[in-house]
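In what follows, a single structure is set out as structure tokens and then discussed.
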Amino acid sequence: MKHLFVFRWLTFPFRYAFSKIKKKIGKLDRLRLEVFLVIGNGSQVFLKGRVMEAYRQSRPSEKKSALQNILATIRRYAGSSVPDANVKVQWGNYGVQLTADSEGIFESFLHRSDLEEPHPKTIRLSLVPEEGLVPEKPWVDRKIQQIVKPSPRALISDIDDTVIISKATNLGEKLWLSVSKNAYTRRPFPGVSEFYQLLTHDGEYPVFYVSSSDWNLFDLIRDFLTFRSIPLGPILLKDRHVNLRNIWKSGGGNHDHKLEKIRFLMEFFPEQQFLLIGDSGQHDPELYAEVIRDFPGRIEAVVIRRVRKEDVAREEKLNRLLPPNKVAWVKTTREALDHAKEYFSVS
């Protein structure tokens, strides 16, 4: 499997050059601005998105066959990112121009230097006119998801094998689920919707989803959460590009990026306490333990779903970092729900 990653790394200059040539001779398809993340803390906004060639994707349906879903997956991963495209961002009377990187990704912190009040609640993005670039839409508007003052509770949750059944510890099953299912046929763990509705006070409190899946799955995860009535919130995924050649890597590999994303949220919302939710199938307990040590007093509680058999030494390491009953090791979401009602000040 490593040879596929090496192949992608070695061919990057050629893929990059091909995209540049298509752009130069005007052979790019219409371009799409995909906006992944727009969050604010009252004084600044963090924005992340991607420029790519637009592709047609049918809406998910419970009636879609495995073959139809596989074809949809191929379309999702076959889309070409557009390097070096320029994107104009407008936030009220504040404007900035961003340039997409070699994988078409752009991101930025937007800082207010004026006294415009109240701060605008939306931003507008558009492609900067350039020969060979034809946008799918003239502009894209996105609402800013903000925490201006601390909420009574905020959640940071893993996705795979925490919210959605992914079989992340079994490569074959994980890959089959990823390519043969869609947002409406992927299955959540029983009781997940009720559990997250309870913790977020029916969606009133913020929830952030952090996963090792790649950005190509952004729309699938968003549509899955909506379809299953699980509270929506910003979704932070893995930055490394995944395509058809290395699709099996989505959700795997090094999970340090999840720690980086959680640290970013802790620092971006410095007065907010968080409840962490994950599973024991990969490295969530160890990552969460590091977060607790790095940000003392900022973690309200931790819920870990046991994927493998109980590991006493591993669990004790996390248990020592928080008061009793603030770390819940559960086998089912129903257990997590009961524990939350008893110990996490929810009802």
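The values are calculated or read from the model by the stated rules, or taken from the named source; none is laboratory data. On a predicted model such as this, the values are computed, not experimentally measured, just so you know. With ideal geometry, Cβ positions are generated from the backbone for all residues, glycine too; neighbour counts draw on all protein chains shown. The area values use the complete protein model at the heavy-atom level, side chains included, leaving out ligands, DNA and RNA. Shrake-Rupley method; radii C 1.70, N 1.55, O 1.52, S 1.80 Å.
Pull up region 314-334, narrow it to residues that are of a type in the set (A, V, I, L, M) and open to solvent by less than 50 Å² (accessible area, probe 1.4 Å), then point me to the one that is farthest from the chain's Cα centre (by Cα).
Across region 314-334, the extreme among qualifying residues is Leu322.
Of everything in region 291-313 that's in contact with a helix residue (DSSP H, G or I) (Cβ under 6 Å, 6 or more places away or on another chain) and more than 22 Å from Leu198 (Cβ to Cβ), which residue is surrounded by the most Cβ atoms within 10 Å (Cβ to Cβ)?
The extreme case among them is Val291.
Specify which of the listed residues (Glu173, Glu130) is over 23 Å from the mean Cα position of the chain (by Cα), exposed (fewer than 15 other Cβ atoms within 10 Å of the Cβ) and acidic (Asp, Glu). Reasoning before the result, please.
Details: Glu173 fails: over 23 Å from the mean Cα position of the chain (by Cα).
The match here is Glu130.
With the condition kept exactly as written, say whether any residue in region 27-39 is open to solvent by less than 80 Å² (accessible area, probe 1.4 Å), at pLDDT below 90 and not in a strand (DSSP E or B).
yes
On the basis of being touching a residue at least 40 places away in the same chain (Cβ under 8 Å) and either within 25 Å of Glu271 (Cβ to Cβ) or open to solvent by 50 Å² or more (accessible area, probe 1.4 Å) (or both), does Glu342 make the cut?
Details: touching a residue at least 40 places away in the same chain (Cβ under 8 Å): no; either within 25 Å of Glu271 (Cβ to Cβ) or open to solvent by 50 Å² or more (accessible area, probe 1.4 Å) (or both): yes.
When the stated conditions are applied, Glu342 does not pass them.
Quick check on my filter: what residues within region 136-180 are farther than 22 Å from Arg76 by Cβ and aliphatic (A, V, I, L, M)?
Ile144, Ile147, Val148, Ala154, Leu155, Ile156
Assess whether Lys137 counts as being open to solvent by 30 Å² or more (accessible area, probe 1.4 Å), part of a loop (DSSP other than H, G, I, E, B) and in contact with a Leu (Cβ under 8 Å, 6 or more places away or on another chain).
Answer is yes for this residue.
Would you pick out the residues in region 99-109 that are open to solvent by less than 60 Å² (accessible area, probe 1.4 Å), under 14 Å from Phe46 (Cβ atoms) and in contact with a Gly (Cβ under 9 Å, 6 or more places away or on another chain)? Give the steps one after another, and end with the answer.
Residues of region 99-109 open to solvent by less than 60 Å² (accessible area, probe 1.4 Å): 100, 102-106, 108.
When the remaining residues are screened for being under 14 Å from Phe46 (Cβ atoms), the result is 105-106, 108.
Ile105, Phe106 - these are the residues of region 99-109 that are open to solvent by less than 60 Å² (accessible area, probe 1.4 Å), under 14 Å from Phe46 (Cβ atoms) and in contact with a Gly (Cβ under 9 Å, 6 or more places away or on another chain).
List pairs: first residue in region 117-135 and of a type in the set (Val, Ile, Thr), second residue assigned to a loop (DSSP other than H, G, I, E, B) and surrounded by 12 or more Cβ atoms within 10 Å (Cβ to Cβ) anywhere in the structure, Cβ distance under 7 angstrom, at least six positions apart or on different chains.
Every condition considered, the pairs that remain are Thr122/Ile144; Ile123/Ile144; Val134/Arg30.
Does region 92-102 contain any residue that is touching an Asp or Glu at 6+ places or on another chain (Cβ under 8 Å) and under 23 Å from Thr185 (Cα atoms)?
No, the conditions are met nowhere in region 92-102.
Looking for whichever is open to solvent by 10 Å² or more (accessible area, probe 1.4 Å), closer than 22 Å to Ile299 by Cα and either out of contact with any strand residue (DSSP E or B) (no Cβ under 7 Å at 6 or more places or on another chain) or at pLDDT 90 or above (or both) here; the options are Ser151, Ser211. Which one fits? It would help to see each step written out before you state the result.
Details: Ser211 fails: open to solvent by 10 Å² or more (accessible area, probe 1.4 Å).
Of the residues listed, the single one that is open to solvent by 10 Å² or more (accessible area, probe 1.4 Å), closer than 22 Å to Ile299 by Cα and either out of contact with any strand residue (DSSP E or B) (no Cβ under 7 Å at 6 or more places or on another chain) or at pLDDT 90 or above (or both) is Ser151.
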